[in-house]
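Asker: Questions regarding the structure given below will be posed in turn.
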Amino acid sequence: MGWRLYLDDDADTVRPPERTVENPAWRSEARLPPNPPDLSHLGEWVIARSVDEAREAVSRLGFPSFIAFDHDLSDGRDAVALVDLLIAMDMEEGSMPPDFSYEVHSKNPWGAPNIHSKFESYRRSKGIDAPSIEPYR
């Protein structure tokens with residue numbers, strides 16, 4: 001069974017998943033489709049506030065089925081480091097689930113498109129034509 005990762009340094013305060021990625025009004029403000037994807041079959045959100053916390057969750061649970069990305073994280077690093085890790089992991093192990101999807105809810109004008117373009121470039125190189133969601137602009 002898959003799982004879902006919420007990567008955001010403000011997950012306990014400003015942006016917990018139920019107030020943001022699952023909230024149609026906030027999604028509209030973040031320029032995401034107003035209706036969140038139905039992820040209930042993936043269980044509760046696993047929250048990570050840093051690249052290291054996300055890496056630990058991935059090492060324990062495997063490649064997630066869904067990720068909600070913020071860009072700027074609590075450890076001073078950014079989510080692109082996790083994207084690079086996941087791409088390397090899939091290149092070595094073929095571990096990306098066939099139904100893998102993600103959203104980028106970061107408002108960072110450079111970071112959000114960077115996350116999106118790295119994943120989409122990799123998916124195209126694998127011949128995966130999966131729908132994805134444009135990042136905040």
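Asker: Quick check, is residue 112 under 21 Å from residue 3 (Cβ atoms) and either touching a residue at least 24 places away in the same chain (Cβ under 8 Å) or acidic (Asp, Glu) (or both)? If you could, list the steps in order and put the result at the bottom.
Answerer: Numbers: under 21 Å from residue 3 (Cβ atoms): no; either touching a residue at least 24 places away in the same chain (Cβ under 8 Å) or acidic (Asp, Glu) (or both): yes.
Answer is no for this residue.
Asker: Then there is this: With (1) at pLDDT 85 or above; (2) surrounded by 17 or more Cβ atoms within 10 Å (Cβ to Cβ) as the list, and residue 126 as the residue in question, which single condition is left unmet?
Answerer: Looking at each condition in turn, residue 126 falls short on (2).
Asker: Here's another thing I want to ask about it. Can you tell me how many residues within the range 78-109 are over 15 Å from the mean Cα position of the chain (by Cα) and closer than 25 Å to residue 15 by Cβ? Break it down stepwise before answering.
Answerer: Quick first cut of the range 78-109, residues over 15 Å from the mean Cα position of the chain (by Cα) only: 88-95, 98, 109.
Retained after the next criterion (residues that are closer than 25 Å to residue 15 by Cβ): 109.
Matching residues across the range 78-109 total 1.
Asker: Here's something else I'd like to know. Out of all the residues in the range 74-116, which are loosely packed, with under 14 Cβ neighbours inside 10 Å and in contact with a Gly (Cβ under 8 Å, 6 or more places away or on another chain)?
Answerer: 95, 99
Asker: Could you say whether any residue in the range 37-46 is modelled with pLDDT of 90 or more and farther than 21 Å from residue 22 by Cα?
Answerer: No; the residues of the range 37-46 include none that is modelled with pLDDT of 90 or more and farther than 21 Å from residue 22 by Cα.
Asker: Filter the range 25-73 down to residues that are part of a loop (DSSP other than H, G, I, E, B), over 14 Å from the mean Cα position of the chain (by Cα) and buried (at least 16 other Cβ atoms within 10 Å of the Cβ), then give me how many there are.
Answerer: Selection size over the range 25-73: 1.
Asker: Please state which one of 28, 40, 50, 74 is more than 19 Å from residue 108 (Cα to Cα) and hydroxyl-bearing (Ser, Thr, Tyr). Show your work before the answer.
Answerer: On the way: 28 fails: more than 19 Å from residue 108 (Cα to Cα); 50 fails: more than 19 Å from residue 108 (Cα to Cα); 74 fails: more than 19 Å from residue 108 (Cα to Cα).
When all the criteria are applied, what remains is 40.
Asker: Okay, next question. Taking only pairs six or more apart or across chains, which ones have beta-carbon atoms under 7 Å, a first residue in the range 58-83 that is at positive phi, and a second residue that is modelled with pLDDT of 95 or more and in a helix (DSSP H, G or I)?
Answerer: The qualifying pairs do not exist here.
The values are calculated or read from the model by the stated rules, or taken from the named source; none is laboratory data. From a predicted model like this one, the values you see are computed outputs, not experimental measurements. Positions of Cβ are generated from backbone atoms using ideal geometry, with glycine treated the same way; all protein chains shown enter the neighbour counts.
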